[in-house]
Amino acid sequence: FHELMKRLEWGLSFEGGKQQTVTFMTLFRHTLPELYLYLEEEQCAGGPWLTSWLQFLLARELPLPCVLRLWDSYFSLHFGWQPNQSG
């Protein structure tokens, strides 16, 4: 938990949040251009929903069991855990 909080500290700062938003929107524009253009037309691309997603790791948007499963996946991938492929 301590390591997670150290990593999140930068993302919760103004500069960190700004950099995360720029990175996300760049990836979003290139990987899902039709959806990106639609959100631009509706004037909601990069809105408050993005800040919430990036700062709270979807904890406000999803039910707790889904959040825990998602976080388990993120953390296991980051720390190199791989499911047993032999089964």
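The values are calculated or read from the model by the stated rules, or taken from the named source; none is laboratory data. On a predicted model such as this, the values are computed, not experimentally measured, just so you know. Don't worry about glycine lacking a Cβ; one is built from the backbone with ideal geometry, like all the others, and counts go over all protein chains shown. Heavy atoms of the whole protein, side chains included, go into the accessibility calculation; ligands, DNA and RNA do not. Shrake-Rupley method; radii C 1.70, N 1.55, O 1.52, S 1.80 Å.
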Check: Where is the GNM fluctuation largest for the chain (alpha-carbon springs, 10 angstrom cutoff): Gln19, Gln43, Gln55?
Finding: Gln43
Note to self: So with the 1.4 Å probe, I'd like the accessible area per residue for the chain, rounded to whole Å².
What the structure shows: 82
Next item on the list: With springs connecting C-alpha atoms under 10 Å apart, model the chain as a Gaussian network and identify which of Leu35, Leu57, Leu12 has the largest mean-square fluctuation.
Entry: Leu35
Checklist line | Accessible heavy-atom area order of Trp53, Trp71, highest first, probe of 1.4 Å | finding: Trp53, Trp71
Check: How much accessible surface area, in Å² rounded to 10, belongs to the heavy atoms of Ser76 with a 1.4 Å probe?
Finding: 30
Next item on the list: Could you look at the range 1-57 and say what percent of its accessible area is carbon and sulfur, using a 1.4 Å probe and all protein chains?
Entry: 64
Item checked: FRET efficiency, 1/(1 + (r/R0)^6) with R0 35 Å, evaluated for Ser73 and Gln43 via beta carbons -> 0.60
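May I ask you to work out the translational diffusion coefficient for the chain at 4 °C, viscosity 1.567 mPa s, via Stokes-Einstein with Rh from the Kirkwood sum over Cα pairs, reported in whole µm²/s? It would help to have the intermediate numbers written out before the result.
Values: Rh = 15.0 Å.
So the translational diffusion coefficient is about 87 µm²/s.
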Check: So which GluC sites (Glu not before Pro) in the range 6-52 are both in a DSSP loop and have at most 13 other Cβ atoms within 10 Å of their Cβ?
Finding: Glu42
Item checked: Listed residues Phe56, Phe14, Phe28 arranged by accessible area, highest first, probe 1.4 Å -> Phe14, Phe56, Phe28
Next item on the list: Divide by every residue of the chain the summed helix terms, -39500 (n - 2.57) for each DSSP H run of at least 4, and state the resulting mean residue ellipticity at 222 nm, rounded to the nearest 500 deg cm²/dmol.
Entry: -22500 deg cm²/dmol
Next item on the list: Express the relative contact order of the chain as a whole percentage, based on alpha carbon pairs under 8 Å and six or more residues apart in sequence.
Entry: 22
